[in-house]
1. Could you go through region A:38-48 in sequence order and give the Karplus-derived ³J(HN,Hα) for each residue, using 6.51 cos²θ - 1.76 cosθ + 1.60 with θ = phi - 60°, rounded to whole Hz, and x for Gly and Pro?
2. For region B:2-77, rounded, prolate or oblate, judged on the Cα gyration tensor with a ≥ b ≥ c (square roots of eigenvalues), a/c < 1.5 rounded, else prolate if a/b > b/c?
3. At 7 Å along the Cα-to-beta-carbon direction for both A:Ile38 and B:Ser38, put a label point, then send me their distance in nm to one decimal.
4. Could you pull out every one of the aspartates and glutamates with an alpha carbon less than 15 Å from that of A:Lys59, ignoring same-chain neighbours closer than 8 positions?
5. Remind me, relative contact order of region A:11-151 in percent, using alpha carbon pairs under 8 angstrom and six or more residues apart?
6. Which parts of region A:73-114 would a label at A:Asp10 reach, counting a residue when its backbone N lies under 20 Å from a point 7 Å out along Cα-to-Cβ?
7. Estimate the FRET efficiency between A:Asp102 and A:Glu141 by the formula 1/(1 + (r/R0)^6), using the beta-carbon distance for r and 30 Å for R0, to the nearest 0.05.
8. Which whole number gives the average, over all residues in A:46-56, of C-beta atoms from other chains lying within 10 Å of the residue C-beta?
Amino acid sequence: MIRVQREDIDVGAALESLAAGNHRIGGVASFVGLVRDIGGADRVSALTLEHYSGMTEKKLAEIETEAHRRWPLDAVLIIHRYGRLEPGDRIVLVATASSHRDAALAACHFLIDWLKTDAPFWKSEETPAGERWVEARAEDEVAIKRWKLRP
Amino acid sequence: MKLLYFAWLRARIGCAEEEVELPPRVRDVAGLLDWLRSRGGGYAEALRDLSIVRVAVNQDYVGSEHPLREGDEVAIFPPVTGG
């Protein structure tokens, strides 16, 4: 399941509903991304996330399908927020449910790595020096390569 | 053709979207970026370094050789920073 929303994420409720009623599920893995108060050397007082409405939902649905193709998963949940967020706020929740932990943990890791390099979101930070766009990190490009997604 | 711009590309170009009539010689993404740059001003500034420009056609990532057709939705943006 995919959700792109401005509202906060209720992690407890989301994880509970992911496994509800399916007793074949042996474990739920999750990753929660939070807004940091530091960007480079500067203090960050807020972050604004912009996204490409339409393409975001399309790409998230494709990668959800890809995760199901790679691992025996019972459920996948990706909730990504947009709009203005402050340090400590939740940005994203990725959760995967499976009979066994290996599939759930690996798929969760794959999905968050993918979100960093391929989901069409952009962050802009508010700092004492003014507002600036966050630059993509080379480490994220390295991280996604381990999943051999691209030819 | 509908063009969409995001993040600092939108800020430098000065609009989020526009309808354009492509000259017949523009046939692919590389041609489109060249043509936009030739408009000068914010376009030239935003598209100066194409190593930090990504393009999606009809909401799929494409390379510079991807052909363009009338009615395509073309989005131009910096490397993404979500998650």
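Read-outs throughout are calculated quantities, based only on the coordinates presented, and are distinct from any laboratory measurement. For clarity, every value in this text was computed on a predicted model and none was experimentally measured. When we count neighbours, we look across all protein chains shown, and the Cβ atoms used for this are built from the backbone with ideal geometry, even at glycine.
1. 10, x, x, 9, 9, 6, 10, 9, 6, 9, 10
2. Note, shape of region B:2-77 comes out rounded.
3. Rounded to a tenth, the inter-label distance reads 4.9 nm.
4. A:Asp113, A:Asp118, B:Asp60
5. It rounds to 32 percent for region A:11-151.
6. Residues A:76-82, A:89-96 qualify, since their backbone N sits under 20 Å from the label point.
7. Rounded to the nearest 0.05, the efficiency is 0.75.
8. Mean partner shielding for this stretch: 4.
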